[in-house]
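The values are calculated or read from the model by the stated rules, or taken from the named source; none is laboratory data. Predicted model, so just to flag it, every value in this text is computed and none were measured. Cβ sites come from the backbone with ideal geometry, for glycine too, and all protein chains shown count toward neighbours.
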There are 2 protein chains.
Amino acid sequence: MDAMVFLERIEGVRKVMEAKELDVCILTNRASLRYFTGLRMNTAAFSILLISQEEIEYVVARLDLKRAERDCWIKDIISFPEDTPDYLHVLNDFFTQWNQIRVGVELPELNYETYHYLQEKLANARFTNIAEEMGQLRTIKSDVEIKIIRKSTYIADMAMQEALKAAKPGMKEYEVTAIARYAMLKEGAENPSFEPFLASGENSWLPQRYSSDKALKPYELNLMDMGGIYQGYCSDITRTFSVGETTPEQKRLFYDVLAVQQETIRSLRPGISAGEVDYIARQAIHELGYGEYFPHLTGHGLGIDIHEGPIIDKGRTDILQKNMVLTIEPGVYLPGVGAVRIEDMVLITEDGYEILTQTKRNLIS
Amino acid sequence: MDAMVFLERIEGVRKVMEAKELDVCILTNRASLRYFTGLRMNTAAFSILLISQEEIEYVVARLDLKRAERDCWIKDIISFPEDTPDYLHVLNDFFTQWNQIRVGVELPELNYETYHYLQEKLANARFTNIAEEMGQLRTIKSDVEIKIIRKSTYIADMAMQEALKAAKPGMKEYEVTAIARYAMLKEGAENPSFEPFLASGENSWLPQRYSSDKALKPYELNLMDMGGIYQGYCSDITRTFSVGETTPEQKRLFYDVLAVQQETIRSLRPGISAGEVDYIARQAIHELGYGEYFPHLTGHGLGIDIHEGPIIDKGRTDILQKNMVLTIEPGVYLPGVGAVRIEDMVLITEDGYEILTQTKRNLIS
């Protein structure tokens, strides 16, 4: 992406800084860093972005310095030595100028020690949590981002379809999951967007949120949740399926949940609130008598983070807007019967929605 | 593993509590939780373990409750609602009894908000950081752990060998890495133990710590670092190789670094300090004239965490002991030539060492 794209994003930060009367921001959230720097980092690497109205300074580990200098649009890059507990000392020069200023930080992403260090170094500074504002800058996707998300979704779809095709009685949960994970990586996914899993039979309704060595068999429901990261952007899809016969109860549960999910998706449009969308799913599940077996949210926005705004859950007041991307994933977990969750990615359009995930919603794989 | 194994581990915590005069510990580090509960959790799941001299209480997300009740040796398990920011409120009952007591926490693993919450709820409590002590409990591996680590190492070896066999000129870095990742998952690895990567040519010496779409070609060195998690335990191996011809400089660099790595490994035995081992590698590299091109540590312990004690780096005073497991991985990154790092996992034995990783150290794949 062009440096202009990133400069526009930085303008967004600077507007937040003006509104919140901040002199400088210290960003440490990985999603923020990817969004504003454009630089892919190994998942174990740590970096820091400093933004004021005049300057932008990027602080990376020494091991990442040369690459950042080669690949990043930001020209002021400094490094801290790796494996030094006191890595923030490279910021001392800034801190000397910064006493008595107002600093924005992403509190949920700061560990206690870093926060404590900042407080000590900047004894007269006032800290403001801007984590939510930074997240909000990312909820409406640009055309370039939507194009990347489409490719990320394609990768997840393709991998899900390969896994569904491969799944047979006797195969282990982790073997099927491995096929999906490989399919994503082969297609250029950087990583899975979270730990993908297939939970079969009892594991589905417990639920067990990882793939074990349990073998698949008929008369059991299998719930598979997965997604990848392509050029920094996450995809996320869940399908529920059987590798053979199902009981009438399992069939009914499957088609009930599918109907609820489709009804919920049909409600999507700019102007509706996240809480209203959640209510549609929750109320429909309640009316089917499954009310107590739907223990999670109805959906969530996604982008650089696998979970970002808007969160589709009880009472949430966020208003859906054009070019938001989110999942709709109601689920019912019936002990002794099985769990059904069907999750699709949806783009909010001018006057409604477009379902991005294409994998068929079939009970039999 | 048997409940007795975990009870013995909890005894270790209680001895630390006695020594540090603590009434209760609140453990939140994922590695601690796996070590003391034995429960595998999806990488996105959060849980908390409370330990006093009399009680053990495990706190999990509502979605994980039934599975924890089925699979965990701990019988006192309570749950917090998912997606509630104030999830710690389930601990209020404890907090009411706990005012004016001494609490051990794992500070580096606590984010600011959680720490702040605890401080508010337990206004009269005294907090002590026990992160290092908890990590130290895991540095000497038991026979059962060593057996699992051998299998984890086998998986990494096998995957590395598949990748080396597959690597050909024209293949992209991420395609080769995908093969290694799939090989590990097929063999039952829970996940990679970190983000595996292959960095070729310029990417090796920058270094670029992820796999890109750059194609492999002769006269370039390729550095591949990877590992898996098997039954909770990490493996870690690096090989450097070429897919064709190499220059005399590249050859010399390869055999120089290999000699340094082997010399360093030969120094391993109970009683030597981590700093002395590091000095052997660093001094040898210095004498070869590569001193300024070795920008990282010489090695690290590993187990449930990919990096745990002992850290083999400058000035570290930890003394190596029987049944520690660690890596030795000196590396030299020469701009314009290439990078060479060779990393093996080593078990410290009664009177020396045993190299666990078996993949050959060949310049040509």
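Here are the numbers for this structure:
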read-out	value
Leading residue by the ranking (surrounded by the fewest Cβ atoms within 10 Å (Cβ to Cβ)) among those in region A:84-104 that are away from chain B (no Cβ under 14 Å) and of a type in the set (S, T, N, Q)	A:Q97
Single residue of region B:2-60 satisfying the filter (among the hydroxyl-bearing types (S, T, Y) and within 22 Å of A:Y210 (Cα to Cα)) that is modelled with the lowest pLDDT	B:T43
Single residue of A:L122, A:L118, A:L107 found to be surrounded by 15 or more Cβ atoms within 10 Å (Cβ to Cβ), free of Cβ contacts under 8 Å to residues at least 40 places away in the same chain and within 13 Å of chain B (Cβ to nearest Cβ)	A:L107
Boolean, B:I319 is farther than 21 Å from A:A45 by Cβ, surrounded by fewer than 18 Cβ atoms within 10 Å (Cβ to Cβ) and modelled with pLDDT under 95	no
Wholly within region B:207-322, strands (runs of 3 or more DSSP E) carrying at least 3 residues that are at positive phi and of a type in the set (S, T, N, Q)	none
3 or more residues at pLDDT 95 or above and more than 30 Å from A:A183 (Cβ to Cβ): qualifying helices (runs of 4 or more DSSP H) within region A:67-163	A:131-136
Boolean, A:E113 is acidic (D, E), in contact with a Ser or Thr (Cβ under 6 Å, 6 or more places away or on another chain) and buried (at least 17 other Cβ atoms within 10 Å of the Cβ)	no
Selection count where residues are assigned to a loop (DSSP other than H, G, I, E, B) and either surrounded by 20 or more Cβ atoms within 10 Å (Cβ to Cβ) or not acidic (D, E) (or both), scope region B:34-66	10
Subset tally (residues that are surrounded by 15 or more Cβ atoms within 10 Å (Cβ to Cβ) and assigned to a strand (DSSP E or B)) for region A:337-365	11
Failed item in (1) in contact with a Gly (Cβ under 6 Å, 6 or more places away or on another chain); (2) over 30 Å from A:E350 (Cβ atoms), with A:L137 passing the rest	(2)
Positions within region A:21-33 being in a helix (DSSP H, G or I) and in contact with a Ser or Thr (Cβ under 6 Å, 6 or more places away or on another chain), in sequence order	A:L33
Single residue of B:L22, B:L27 found to be over 29 Å from A:E292 (Cα atoms), in contact with a Gly (Cβ under 7 Å, 6 or more places away or on another chain) and away from every other protein chain (no Cβ under 14 Å)	B:L22
Residue match in region B:50-72 (condition: out of contact with any strand residue (DSSP E or B) (no Cβ under 8 Å at 6 or more places or on another chain) and closer than 25 Å to B:I149 by Cβ)	yes
Residue in region A:9-18 that is within 14 Å of chain B (Cβ to nearest Cβ) and in a helix (DSSP H, G or I) present	no
Restricting region B:176-206 to residues that are among the charged types (D, E, K, R) and either assigned to a helix (DSSP H, G or I) or surrounded by 24 or more Cβ atoms within 10 Å (Cβ to Cβ) (or both), the residue that is nearest to the chain's Cα centre (by Cα)	B:R181
Residue match in region A:324-332 (condition: in the same structural domain as A:W205 (by TED's automatic domain parsing) and surrounded by fewer than 16 Cβ atoms within 10 Å (Cβ to Cβ))	no
Selection within region B:177-229 - at the interface with another protein chain (Cβ under 10 Å from one of its Cβ atoms) and farther than 23 Å from A:R181 by Cα	B:E202, B:N203, B:W205, B:L206, B:P207
